[in-house]
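Each remark here refers to the structure printed beneath this line.
The values are calculated or read from the model by the stated rules, or taken from the named source; none is laboratory data. Just so we're clear, the structure is a prediction, and the values are computed from it rather than from any experiment. Note that we place each Cβ from the backbone using ideal geometry, even for glycine, and neighbour counts take in every protein chain shown. The accessibility values were calculated without ligands, DNA or RNA, using every heavy atom of the protein model including side chains. Shrake-Rupley method; radii C 1.70, N 1.55, O 1.52, S 1.80 Å.
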Amino acid sequence: MCKWIIIVFMLFGFSTNAQHVSDFKTIDSLSYYLYSNAKWQELSEINTTKAIDYHYLNLRIGIAFFQLKKYHRAEKYLLKAYQQNQSSNVTAYYLYYTSVETGNLFLTAQTHSSAIGDSIKFTKIISAINLGGGSKLSANKEMAGNINFFNVGLGHLPAKKLALFQNFTLQNQQNNIWGDFTQLQYYLGSSIKLSNKWSVDFSTHLHLYNADIDFKYDTSKTASTPPAFPGDFKTDSIYRKNHLLKGDYNQQGAFFYLGATHVSGPLKISPFAQLNLENPSSSISETQWTEITISRVKPQTPPIENTQRKDSTIKLIDYPNNEQQIIIGTSIQYTLPFAQEKFTIGSVFYQPLKGRGKLIFSPFAKIKLKKSSLFISYLKKNNIPITEYYGSFLQNSYDNIHHQVNVRFSKPLSLNTSVNLFYQFEDKTDALSLVRFNSNLLAISISFKL
């Protein structure tokens, strides 16, 4: 009877405001009781202090968050418990499966042997294979054709503190008003663990762009001369200046990405810098000529027209070589504490340093479903190329993107296989033709873990 009276007193005094308790023995007894009776919600509400911060308390709170499926907060406490006692197999076990849920690859590698056993190797020459492809469907077929693409990716885990990923992409677009293009891309990214909270990321993304330009446009101006007297001719003079661009345009370029990532429970911050190097070459010639059409009309008389062509010139278009652009920025994301941490929000900021480049931002949100996930992002940028997702995705066009909405749905098919569906809506102004139009991108990829 006395035992239950003591327990009721402890719960009444400390379960709702446990963070105010400063007595070591009381917190230890209370946390042990809540842990033994699987009262995970009450246990998760106990906050440690600098004075009371030890292995078993952090372990119990970490397990409570794990049972509540709040994995980012579980990782925070389990990591503290692991640092206080690295010989604890129980801590390593929970920390391993927590890091799998949060996607903390390096923490998974660190605790793998203790949780799973040394007989199963974590490091692999090839750890994952990704196959994907799709099409960007133009809403204005008279302006631009569809962009078709295919990519192959390989993941590597050569060491427990080093992760590598490489990807090859082929793109082509035909039936454009300005010509056709083909682009080859190669990406190599690496992430190196510095500590349990810090890692450094470096990547390079090479691209080779080839375009066959065949584009004609004109500008017109009309001047009218009224009849000198009733019944006389009215004269319209139309001045049309024509431009014809024809030839090959090639561009070799490379993006270099250097950044760091800091993870503290549900908060993740990644400052970075990008360097864009381009070396374009062109054999495009521009032919210009002026057409003057004089139309004379008077009542009850067929019109008289006369067209003359003059001032024809041909010149080569000279593009500047070795273009350079430096962009700095940061990515910030936070996993919300409610609903079993199913919602993550964040944004990426890009600031070009050259000229008067405006700040570019891309807000995003992640939603965890039962056995799948949904990622939604938005982008608006001017005519400055950038890379996204640690340099892995190129936005290397000089098009002015007014609105871009991205939606990615990921679902595991088995323990080692998952499928990704991707949709993108884009509203942009083409950098060459200056025509604004929409497009819809549909893509699918399959990932295999080895």
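Listed cross-link partners K136/K268; K241/K428; K39/K70; K216/K315 are compared with a 22 Å cut-off, the Cα-Cα value being larger for K136/K268; K241/K428.
Would you mind working out the accessible area per residue for the chain, using a 1.4 Å probe, and quoting it in Å²?
Numbers: 24510 Å² over 450 residues.
With all protein chains present, the chain gives 54 Å² per residue.
Which angle between 0 and 90 degrees, to the nearest 10, do you get for helix 24-36 versus the longest principal axis of the chain when only C-alpha atoms count? With both axes taken from Cα atoms, the answer is about 80 degrees. Compared with the direct C-alpha span, the chain from K161 to K241 gains 22.6 nm at full extension, assuming 0.36 nm per residue.
Of the residues P302, Y35, Q324, the one whose Cα sits farthest toward the positive end of the charge dipole of the chain, with +1 on the Cβ of Lys and Arg and -1 on the Cβ of Asp and Glu, is Y35. For K25, the aspartates and glutamates whose Cα comes closer than 19 Å to its Cα, not counting residues fewer than 8 places off in the same chain, are E42, E45, D53. Each peptide in 29-39, 97-107, 63-73 was scored by the mean count of other Cβ atoms within 10 Å over its residues; highest first, the order is 63-73, 97-107, 29-39. To put it simply, the accessible area of the chain at a 1.4 Å probe is 60 percent carbon and sulfur. Under 12 Å from the Cα of K298, which aspartates and glutamates turn up, not counting those fewer than eight places away in the same chain? Here the aspartates and glutamates satisfying the reach criterion relative to K298 are D232, D236.
With a simple spin-label model that places each label point 7 Å from the Cα along the Cα-to-Cβ direction, the separation between I332 and L206 comes to 3.7 nm. When Cα extents along the principal axes in Å is computed from the coordinates, the matching label among [x] 66, 54, 45; [y] 97, 86, 42; [z] 120, 51, 40 is [z].
Give the shape of region 257-399 as rounded, prolate or oblate, defined through the alpha-carbon gyration tensor: a ≥ b ≥ c are the square roots of its eigenvalues, a/c under 1.5 means rounded, and otherwise the shape is prolate if a/b is larger than b/c and oblate if not. Before the final figure, lay out the partial values.
Working: a/c = 4.57, a/b = 2.25, b/c = 2.03.
Note, shape of region 257-399 comes out prolate.
For every helix of n ≥ 4 consecutive DSSP H residues, a contribution of -39,500 (n - 2.57) applies; sum these over the chain, divide by its total residues, and give [θ] at 222 nm rounded to the nearest 500 deg cm²/dmol. Don't skip to the end; give the middle numbers.
Details: 7 runs with 84 residues, N = 450.
The per-residue figure over the chain is -6000 deg cm²/dmol.
Net length available on complete extension from E286 to K234 is 15.2 nm, with 0.36 nm assigned per residue and the Cα-Cα distance removed.
The gain in end-to-end length when the I269 to I314 segment is fully stretched comes to 10.9 nm, 0.36 nm per residue minus the alpha carbon separation.
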